[in-house]
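The values are calculated or read from the model by the stated rules, or taken from the named source; none is laboratory data. Just so you know, these numbers come straight off a predicted model, no measurement behind them. Here Cβ is always computed from backbone atoms with ideal geometry, including for glycine, and neighbour counts include all displayed protein chains. Areas reflect the complete protein model, heavy atoms only, side chains present, ligands, DNA and RNA absent. Shrake-Rupley method; radii C 1.70, N 1.55, O 1.52, S 1.80 Å.
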Amino acid sequence: MEYIIAEIIKTIKESDTAIIRETKLLQLFMRIFTEALVCALEIMDTELVEQYKKQGYQIERRDRRTIQGLFGTVTYQRRRIRK
């Protein structure tokens with residue numbers, strides 16, 4: 001959290017005008033959001049895999065997935081499982 005606040009302060013201080021500041025802050029927030037979304041998706045994948053392992057499934061491989069959303073492109077890894 002301190003890193004994010006430091007990045008916000010740095011962005012505000014380095015911006016000459018309000019329009020530039022808002023544009024840079026929007027880009028920063030979009031990047032932070034997409035990074036948080038990637039972490040959340042990978043945590044969910046790990047939790048799901050643990051549940052499926054108990055049911056006898058095995059991990060076949062790990063694939064990269066890319067989704068396009070409102071905040072930009074999100075690329076994350078998920079496991080492919082099989083029984």
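General remarks:
- With Cα atoms, 0 to 90° folded angle of helix 2-14 axis to the chain main axis: 30 degrees
- Protection-proxy order for peptides 4-10, 29-35, each taking the mean of Cβ atoms within 10 Å per residue, highest first: 29-35, 4-10
- Heavy-atom accessible surface of the range 42-83: percent carbon and sulfur, 1.4 Å: 46 percent
- For the range 51-71 versus the range 6-40, the spacing of their alpha-carbon centroids is 30 Å.
- A Förster radius of 25 Å, combined with the Cβ-Cβ distance separating Leu28 from Val49, puts the computed FRET efficiency at roughly 0.20.
- Counted by Cβ distance under 14 Å from Ile9, the other residues give a net charge of +1, where Lys and Arg count +1 and Asp and Glu count -1.
- Every Cα-Cα pair of the chain was included, and the share exceeding 19 Å stands at 54 percent.
- Taken along the Cα-to-beta-carbon direction at a fixed 7 Å, the label points for Asp16 and Glu35 span 2.7 nm.
- For the chain, the longest principal axis of the C-alpha atoms and the axis of helix 18-54 are separated by about 10°.
- Selected from Thr73, Tyr52, Ile32, residue furthest toward positive end of dipole (the range 24-83; charges at beta carbon): Tyr52
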